[in-house]
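The structure under discussion appears below in the form of structure tokens.
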Amino acid sequence: MSARQILNKIGLAVCVFLIVSPAIFFFLWMLSLSVKYEIDNASYPPVFIPDRFAWQNYIDVLTSNRFATYFFNTLIVTGTATFAALLVGVPAGYGIARMQAHRSAVVILIARITPGLSYLIPLFLLFQWLGLLGTLVPQIIIHLVVTVPIVIWIMIGYFETTPMELEEAAVIDGATRWQVFRHVALPIAKPGIAVAFILAVIFSWNNFVFGIVLAGRETRTLPVAVYNMISFDQLSWGPLAAAALIVTLPVLLLTVFAQRQIVAGLTAGAVKGG
Amino acid sequence: MTTTAHDRIDANAGGAAPADELRPVSYWPFVLPALIVVLAVIVFPWVFTIWMSLHEWKVGAPTTFVGLANYWRMPRDPRFVEAVWHTLVYTALSVVLPLVFGTLAAVVFHQKFPLRGVLRGIFIMPMMATPVAIALIWTMMFHPQLGVLNYLLSLFGLPPSLWVFDPGTVIPSLVLVETWQWTPLVMLIVLGGLAALPTEPYESAMIDGASFWQMFRYITLPLILPFIFIAGMIRLIDALKSFDIIFAITQGGPGSASETVNLYLYSVAFVYYDIGYGSAIALVFFVLIVMLAAVMLYFRQRFHWAEAGGGA
């Protein structure tokens, strides 16, 4: 190996380090904040690895009386909104792809570019009139604004790439449109459905703006609950950081283990304008 | 009448289908449930918003029709005008910086090196993580006395900053978070573009003795420009409607120094409950974003790069 090649390798290593370090540093610091006692979090210069680990921060968060409620709220809202979106979105993506009705996808695009806040004003009034505020129903419905467009968008793209020959053969054999979808198209589309599922779960789980308006004391999701913790300034940093890490941990794990699907989904959606 | 119109559109669409015997009209049952959902949660809110924006509509008070009065209020509302300026500054910075860093990161991730997959996974974590959770940690890092960022500055011999606690530095500080968060998306899109590049131009350039930077400047950059452009348009839309990070870190403060249109909209609608005016702002904001998206669609159709990024 020549000196020049070694130099190139070192240069590349430095570049990689510079690019990845902000993310690595941030999440390590997040972890550090969450396992430190107040005295370590308030010391200057900052302590990175404390002498004593404050695992108690995590226990405090997990055993606080409302954490379980907020966790199940998030699970119900995200789960229902994602499941409903797959139920209506996968067939819709199939139909739009087979009809080649690309213009109908503009509606999906509009949903993608609209600020979430603008759906809140009319739907908030509607839920108020219907007397639904105080239940999880408004949040489940409004999360469809997030999940349905993602699912339809990704499924259109996926069904456009699946081969037509098998479906045509099934039609010739006398299968109905529905049977073709159910037994031919759907099994092939499983990887696409996985991508749509993962992205819908992540974006619904992370959603914050709908919750701050629609959630009451009993119906908060985890992101809203964490935000409400910030308002209490007397709370120490350790438990706050622990709560933040707990809320985002499922998403971070998904990012690591389903990286391929996430990257495929995001770039497909992105390059197509969503 | 409507049925015939539909049939005609479907017939046109079907003409391009690979198999003509698959009558396109039979696919409507597949789309119908989604159509109902979309009408209920996307189209209905917009129609209702237009209706509300034409009224003096406050929660707990009778509503009266006021025509376009809510729209005329906007240019004379100093807080709105100020919010527009904040939005423009915030958006401009939040488009340009992620584009620059994202493109550089894509060039690096296009090289082969050990642990590339793992490091790419870590690199995209900021954009997948729950925004409120990362906003909380950034708020702690921005703390002027105890925050780690001022400590890092001191390591490089730089004076401490007040970050988000000073009206003069709050927007750049928030842009720092936004850039950290969304550079990965630009990187992924540009990386998709790099993966689709032909190898021939590089081979001939190598023979001609071109340097790495010459090849990047004269071959790579022009070829990936469409991808950078698309990434830029997506960034533009997302930066304009950015909410979570700003709301969770500053709530538009200190004072109203970081109040963007989206945050002002939140205050008008859900703090002052001025539903009519809020609806008007929502509509104007929406039209602005749609116009930008239309430009994006136009360019997307002009260049055909639809498949290129999908396999990344």
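Summary table below
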read-out: Acute angle (nearest 10 degrees) that the helix A:222-231 long axis makes with the longest principal axis of chain A, alpha-carbon atoms; value: 30 degrees
read-out: Range of Cα positions in segment A:3-57 per principal axis (Å), largest first; value: 51, 18, 15
read-out: Rounded tilt (10° steps) of A:259-271 against the dominant C-alpha axis of chain A; value: 60 degrees
read-out: Relative contact order (%) - segment B:74-302, alpha-carbon pairs under 8 angstrom, separation at least six; value: 30 percent
read-out: Gyration tensor (Cα) of the protein assembly as shown, equivalent ellipsoid semi-axes in angstrom; value: 38, 34, 24
read-out: Highest to lowest packing among B:53-65, B:123-135, scored as the average C-beta count within 10 Å; value: B:123-135, B:53-65
read-out: Taking N as its residue count, the alpha carbon Rg of segment B:189-274 over 2.2 N^0.38 Å; value: 1.82
read-out: If the convex hull is drawn through the Cα atoms of segment A:60-119, its volume per residue in Å³; value: 109 Å³
read-out: Residue list for segment B:175-203, given a label point 7 angstrom along the Cα-to-Cβ vector of B:Val89 and an amide N cut-off under 18 Å; value: B:175-179
read-out: Surface/4 of the Cα convex hull for segment B:74-302, nm²; value: 16.0 nm²
read-out: Three principal axis lengths of chain A [C-alpha, angstrom, descending]; value: 74, 73, 29
read-out: Compactness of segment A:156-213 - radius of gyration and Dmax, Cα, Å; value: 16.5, 54
read-out: Scaled radius of gyration (Cα, divided by 2.2 N^0.38 Å) that segment A:48-164 gives; value: 1.48
read-out: Chain B: DSSP helices with Cα axial extent of at least 24 Å and average Kyte-Doolittle hydropathy no lower than -0.5; value: B:78-110, B:170-195, B:221-240, B:275-302
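No value in this document is a laboratory result; all are computed from the given coordinates. Everything quoted here is computed from the prediction, not taken from an experiment. Note: ideal-geometry Cβ built from the backbone for every residue, glycine included; neighbour counts use all protein chains shown.
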